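The values are calculated or read from the model by the stated rules, or taken from the named source; none is laboratory data. Given the structure is predicted, the values throughout are model-derived calculations rather than measurements. In this analysis, Cβ positions are derived from the backbone assuming ideal geometry, glycine residues included, and neighbour counts consider all displayed protein chains.
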Amino acid sequence: MTTLPTTKRPLPPAVLTEDGRSLPVTRAWPSPHHPELSLECQDADQRRAGSWDGERARLQPLGVDPRLGDLQELSRDGVVVSHRPGKRAVVRREDQFIKVVRRGRAGDVLDGIERAGTFAAHFRTPEVLAHTRSTVTFGALEGASLHHPGALGTRQWQRAWAEVLDAWSRAVASPAATAPGSAGPDDPGTPEHTAQHEIQVLTHWAGLAAPYVSATEELRRGVERVSRQLAGLPQVPLRPAHRDLHDKQLLWSPQHGPGLLDVDTACLADPALDLGNLRAHALLRRLQGIWEPAASITVLRGIDAMAARLEIPDESLAVYERAAVLRLGCVYAVRPAYLDVAAAMRGAAAQVSWSTGGR
């Protein structure tokens, strides 16, 4: 039986103020080790880190992070575009992006990129230009983000998703996927992400979110229900997976085709994992008001067609989608601007049904 914390903690406001300036809270992360939330705020065109102790926010100066020692110097002549305190940050310098991690952890990023060879064969991926023990410098990747439909227009949006999903399916199903060093089953260094691992991820996020949601018992029941369904799925041959596939990881150019970011999460998994995550994010973007219904429908139809092409069972796709919807409802439960969206996601998880293919 899943046990979730029942003690309630207050959330920060959606907008913090400092010296008369408004700083929107863009993201927040709970910690299993202490009650404070880690914060990321928008400060002009950059991101600043901070924390929330339940009563007040403490913001760090731009680019300052005791656990990311290289960040401060890099931020002096770059733009901090992402900053999760104590974990990682991204700095943009002209046509380069520098990922900053804890000292000694850059090797994990590089190892992940090496595992993702099968995706690099079908997508454009950022070129690694340089690296140190705690940084990896990437070349910028040309293309429009598939997070914003308005940047493309209806026809190009449809074409972009068709090409992206086709590239994903070829990466998952091609013979190259079984070659050593290509995130295939012959590579003993490639991690696996099974249904049991997905249960662990979902349970972890539910535990982190529980102190910040009111319907804790409903959340507990939802986690147990989805966990049973994940555990009951038939075992299938594991295939290459991105593991964190969503619209912000995808780029597209009419001249150069699909691009894929953050491939260092590559692993082996049920193909329903990636497609279920994409479907869940299509719902999230619609609830956030970022995608109009027509844009969301284009993506969902493309995913369904790809699932049919790869003969992914409706049940598997629906269960992985439900797990992703519920997990996102927990992730966003601590982001003040999206509390209603997070609650809607948690409620929607129970509505995904494989009796209609989850669609």
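Does the range 251-274 contain any residue that is aromatic (F, W, Y) and not in a helix (DSSP H, G or I)? Yes, the conditions are met somewhere in the range 251-274. Scanning the range 134-144 for residues that are surrounded by 17 or more Cβ atoms within 10 Å (Cβ to Cβ) and touching a Lys or Arg at 6+ places or on another chain (Cβ under 9 Å) yields a count of 7. Residues in the range 224-261 that are among the hydroxyl-bearing types (S, T, Y) and closer than 19 Å to P126 by Cα: 1 in all.
Considering V136, V128, V100, V109, the condition of being at pLDDT 95 or above and more than 23 Å from A241 (Cα to Cα) is satisfied by V100 alone.
Going by the conditions given, is V109 free of Cβ contacts under 8 Å to residues at least 60 places away in the same chain and surrounded by 16 or more Cβ atoms within 10 Å (Cβ to Cβ)? The answer is no for V109.
Every listed requirement among (1) assigned to a strand (DSSP E or B); (2) over 23 Å from T203 (Cα atoms) is met by V299 save one, (1).
The rows are residues; the columns are (1) among the hydroxyl-bearing types (S, T, Y); (2) touching a residue at least 60 places away in the same chain (Cβ under 8 Å).
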| site | (1), (2) |
| --- | --- |
| P32 | no, yes |
| R48 | no, no |
| S51 | yes, no |
| E55 | no, no |
| L68 | no, yes |
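Comparison of L62, L74 shows that the only residue that is outside any strand (DSSP E or B), touching a residue at least 40 places away in the same chain (Cβ under 8 Å) and either buried (at least 19 other Cβ atoms within 10 Å of the Cβ) or of a type in the set (A, V, I, L, M) (or both) is L74.
Here G104 does not qualify as touching a Lys or Arg at 6+ places or on another chain (Cβ under 8 Å), of a type outside the set (D, E) and over 26 Å from C267 (Cβ atoms). Taken over the range 247-275, the residue count meeting the criterion of being in contact with a Phe, Trp or Tyr (Cβ under 6 Å, 6 or more places away or on another chain), under 28 Å from Q235 (Cβ atoms) and touching a residue at least 60 places away in the same chain (Cβ under 8 Å) is 3.
Check whether at least one residue in the range 231-242 is of a type outside the set (K, R), part of a loop (DSSP other than H, G, I, E, B), under 17 Å from the mean Cα position of the chain (by Cα) and closer than 27 Å to A350 by Cβ, and report yes or no. Taking every residue of the range 231-242 in turn, at least one turns out to be of a type outside the set (K, R), part of a loop (DSSP other than H, G, I, E, B), under 17 Å from the mean Cα position of the chain (by Cα) and closer than 27 Å to A350 by Cβ.
Being in a helix (DSSP H, G or I), among the basic types (K, R), at pLDDT 95 or above and crowded, with 24+ Cβ neighbours inside 10 Å is a property that R285 lacks.
A28 falls short on exactly one of the conditions (1) more than 30 Å from R93 (Cβ to Cβ); (2) not in a loop (DSSP other than H, G, I, E, B), and that condition is (1). When E142 is tested against (1) more than 30 Å from G289 (Cα to Cα); (2) over 19 Å from the mean Cα position of the chain (by Cα); (3) of a type in the set (D, E), exactly one condition is not met: (1). Criterion applied to H131, H147 was being under 26 Å from R335 (Cβ atoms) and surrounded by 16 or more Cβ atoms within 10 Å (Cβ to Cβ), and the one residue passing it is H147. Restricting to the range 96-129, count the residues that are β-branched (V, I, T) and not in a helix (DSSP H, G or I). The qualifying residues number 5.
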